[in-house]
Each structure stands twice: as C-alpha cells, then as structure tokens.
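The values are calculated or read from the model by the stated rules, or taken from the named source; none is laboratory data. Predicted model, so just to flag it, every value in this text is computed and none were measured. Positions of Cβ are generated from backbone atoms using ideal geometry, with glycine treated the same way; all protein chains shown enter the neighbour counts.
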Amino acid sequence: MSALPRITPITPVGLTKTGCEDRPILRERGQREVFCGLTGIIWLHRKIQDAFFLVVGSRTCAHLIQSAAGVMIFAEPRFATAIIDERDLAGLADCNAELDRVVTRLIERRPDIRLLFLVGSCPSEVIKLDLSRAASRLSKSFAPQVRVLNYSGSGIETTFTQGEDACLAAMVPEMPTRDAGSAAHLVVVGALADVVEDQMQRLFVGLGIEDVQFFPPRHAAELAAIGPQTRFLLAQPFLADTARALEARGAKRLAAPFPLGVEGTSNWLGAAARAFDVPAERIEAAIAPARDRARRALGRYRPSLEGKRIFFFPDSQLEIPLARFLSREMGMQLIEVGTPYLHRQHLAEELALLPEDCQLSEGQHVDNQLERCRAAQPDLVVCGLGLANPLEAEGMTTKWAIELVFTPIQGFDQAADLAELFVRPLERRLRLVA
Ligand code: SF4
C-alpha cells in the first residue's frame with residue numbers, strides 16, 4: 001500500500017412435480033459477463049446499519065463500488081476502498097502496517113462502527129494479503145467496541161451475489177451458541193429489505209411463530225444465537241456457504257421454494273409453519289388475506305406477460321425462482337433459464353415446479369448463449385448490464401438482472417411489484433415501436 005493508502009471519498013449519495021429436477025442441464029464454461037462479489041456491499045451496508053465495509057483493492061474496485069452505489073443509494077454510505085498501489089504489488093510496502101493505520105483512522109472518525117468488514121479483492125488476493133490474520137489482529141485491538149471480520153469479494157470465478165454469501169458465512173462463527181435445551185426457533189437467512197422483513201415478521205406472528213430472527217440483523221449486536229434447535233429458512237437462493245456454516249453448528253434448513261410471487265411465498269411460509277406444527281386451518285387464516293390481495297394485484301399484470309417468451313442469461317442466481325414465478329403465475333414461456341451455479345439441494349423445490357420444456361443451463365459461455373438467444377428471438381431477455389445495451393441495439397427487450405437484487409421483490413405485498421418489473425421493459429418497447 002502507498003505511504004497513505006487512500007480511503008476513497010465517502011461520497012454522500014446518500015406443487016405439480018414435473019421431473020424437471022432430473023433433466024439434463026446444459027453446462028457452460030467460457031467467457032463470463034458478471035459483476036464481482038464487491039457489488040453485495042451496496043445492499044449489505046444498508047442492511048447492517050452499524051457495519052462498515054473496507055475494500056482492500058484497486059482503483060478499479062473503488063470505481064465499481066462508487067459507480068454502482070452512486071446511482072442506486074442516497075444515504076451516507078458505510079464503505080470505502082483502501083487502495084493497493086504499485087509499491088504494494090511490487091512488495092515494497094508493509095501492507096499490514098498501512099492497513100492497521102487506515103483502520104485506526106477510520107474507527108476514530110466513525111465511532112458509530114460496530115462491525116468492520118475487510119473485503120478482499122482480486123489485487124489483495126494477487127499479493128496474498130492475509131486479511132483473516134489482519135482481521136483477527138485488528139479485532140483484538142478494537143474489542144469490544146468493534147468486531148473486525150473479513151471475506152472475499154474477488155471477481156475471480158464468482159458472481160456478484162456470492163459476495164453476500166461470503167459476508168454472511170464470515171458472520172456465522174460470531175453468532176452466539178443457543179442452549180441445546182431451549183425451544184425451537186426460526187432464523188430467516190438472507191438480506192431482505194426492512195419493509196419485507198417487517199411484513200414477514202407479522203405473518204410469522206400470525207402463524208404463531210413468535211421466536212423469529214433475521215440474518216443478517218439490522219445491528220451487529222443482534223446476531224441470532226444458533227444451535228440444534230435452530231430451524232432456518234433461506235430467503236435467497238445464493239447462500240450455499242452460509243447454509244453449510246449454519247448446518248455445521250447444528251441448525252437445520254427447512255426445504256422450501258423461495259418467497260417470490262404468491263405461490264413461492266405461500267409455500268415458503270408453509271414450510272416454516274409445518275416445521276412448527278401449525279395446524280392447516282391456522283396457516284390458511286394467517287396467510288389468506290395477504291395471499292388473496294397479492295393474487296388480485298398480480299391479475300392486473302398477467303395479460304401483459306401471458307404467452308410472452310423469456311430468456312435468462314446466468315447472472316444473479318435468482319433466475320430459477322424468477323422463472324418459476326413467471327411461468328406458473330404469469331403464464332410466460334421459458335425459453336432458457338441460465339444460472340451461474342445450480343445448488344440442486346437448495347433449489348429442489350423450485351426445480352420441481354418448472355415446466356418440462358424449458359432449457360436449463362449452468363455456468364456461462366456468453367457467445368454460445370448469445371447465439372441461442374438470437375436464434376430464439378425471445379420477447380424479453382434478463383441479463384447483466386454489459387449485455388443489455390448491445391441486445392437492445394439489436395432490437396431485443398431486456399431487463400437488468402441486478403435490479404431484481406436491489407429491489408424489494410419478496411413476499412405477498414411485493415408480488416405485483418415483481419411482475420411490474422417485467423412488464424415495464426415490454427411496455428417501453430411498445431412505446432418505442434409505436
Ligand atoms: S474485486 Fe476484482 S473483479 Fe471486482 S472490481 Fe476489484 S479487480 Fe475488478
């Protein structure tokens with residue numbers, strides 16, 4: 001690191017089974033067009049309100065975070081980049097001493113920080129900077145005021161939602177141990193917008209499941225205690241490492257589809273209810289009003305989507321639950337559903353709900369996928385930012401996959417908003433053509 005590694009300016013920007021799960025999946029390996037795991041900082045720093053994310057990376061990393069955040073957030077951010085420069089790459093500087101100095105200065109300036117993440121990047125991995133040792137050294141220095149953890153957001157062989165998985169997995173060892181003799185409790189795992197969490201909490205209370213916590217929590221001190229009595233529901237389909245770490249501590253995953261759309265949300269809540277022996281009548285009474293309201297709201301958008309053909313490039317790892325929702329509730333035809341990684345166990349309930357005639361692909365070979373997409377001429381393409389503009393220029397209608405991660409789309413009250421996200425680009429294209 002240079003004599004004074006820069007913290008980049010903290011810019012104020014404020015169940016019909018189809019057998020689909022057994023079907024062959026096209027595995028693709030080749031050039032990829034995805035963001036790296038640093039992107040997760042954009043939503044995670046808003047979620048954990050007393051956490052700070054210090055990327056140890058290059059100017060490229062700083063630009064990625066600032067440009068992504070600059071257009072998408074309006075609150076004071078809690079992230080920055082300590083820039084590794086040429087001297088560090090040449091091995092001339094003592095990176096650890098410089099990192100300690102940057103962190104000390106940061107914590108002095110921001111006494112509100114309770115949890116500091118050192119986020120690794122491609123450059124920090126290239127120079128083999130041991131951020132886990134740095135985190136434990138700094139944690140000792142700043143305990144008990146600040147915990148320092150680390151994870152990697154590097155773009156090598158990852159996709160952008162893995163940043164959240166790596167961050168949450170790094171927090172699991174920090175979760176207190178729950179007494180094995182205590183009653184069963186529920187932990188919802190995966191960052192959800194606060195408004196969605198509040199709605200979910202009310203539904204769980206309606207079901208009689210009162211002991212519910214969300215992970216990640218809104219404040220670092222509110223980490224759920226974990227033990228053999230923990231039952232957890234994944235709210236996001238990209239949390240393989242986090243789930244593994246929780247299971248290693250005795251927690252049990254409740255198998256369910258993801259809470260996208262009316263069907264996904266009903267089944268997700270139903271999986272929790274059954275695990276807590278909630279009678280069927282109570283489940284129906286608790287969810288019927290919100291479910292029926294959501295069904296009516298979805299009805300407004302179905303005519304715009306029904307029969308339309310959609311192609312998913314692999315990007316966010318949300319593709320399979322989204323495809324299930326669009327196919328079963330909105331009547332869309334799935335041409336191809338690509339996903340960067342397919343966790344068959346976590347997605348088993350989703351795969352069982354997909355129609356048999358949709359092509360599933362895992363991994364990316366962007367040229368092959370572009371060829372298939374052009375040949376299919378779908379009505380709507382869901383893809384990353386880098387592919388959207390060229391495809392629009394070719395006359396295709398696109399939806400940015402990343403927008404689906406930044407927007408609250410889970411739960412009954414958001415089901416119509418989710419549908420509308422797919423209707424909008426189709427309407428925009430109609431206006432352009434008219
Ligand atoms: S972590 Fe790697 S892929 Fe991500 S912005 Fe930095 S250099 Fe680029």
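A few comments on the model shown:
- Considering (1) among the small types (Gly, Ala, Ser); (2) more than 20 Å from the chain's Cα centre (by Cα); (3) within 21 Å of Leu115 (Cα to Cα), the lone condition that Gly208 does not fulfil carries the number (3).
- Residues of segment 152-205 satisfying the condition of being under 24 Å from Leu269 (Cβ atoms) and of a type in the set (Gly, Ala, Ser): Ser182, Ala183, Ala184, Gly190, Ala191, Ala193
- Matching entry among Arg218, Arg249, Arg274 (being of a type in the set (Lys, Arg) and more than 30 Å from Pro144 (Cβ to Cβ)): Arg274
- Residues being under 30 Å from Pro314 (Cα atoms) and part of a helix (DSSP H, G or I) - total across segment 133-187: 11
- Single unsatisfied condition, Leu116 versus (1) within 19 Å of Ile84 (Cα to Cα); (2) within 16 Å of the ligand (Cβ to nearest atom): (2)
- Filter result (within 10 Å of the ligand (Cβ to nearest atom), modelled with pLDDT of 90 or more and outside any helix (DSSP H, G or I)) within segment 36-55: Val55
- When segment 70-113 is limited to residues that are among the small types (Gly, Ala, Ser) and over 22 Å from Cys167 (Cα atoms), the one that is modelled with the highest pLDDT turns out to be Ala97.
- Number of residues in segment 147-166 that are more than 16 Å from the ligand (Cβ to nearest atom) and buried (at least 22 other Cβ atoms within 10 Å of the Cβ): the value is 2.
- Test: residue in segment 414-434 that is modelled with pLDDT under 95 and outside any helix (DSSP H, G or I): yes
- Only a single item in (1) more than 27 Å from Ala255 (Cα to Cα); (2) away from the ligand (no atom under 14 Å from the Cβ); (3) touching a Ser or Thr at 6+ places or on another chain (Cβ under 6 Å); (4) small (Gly, Ala, Ser) is not met by Ala169, and it is number (1).
- Of the strands (runs of 3 or more DSSP E) that lie entirely inside segment 296-402, those containing 3 or more residues that are closer than 30 Å to Arg244 by Cα span 333-339, 359-364.
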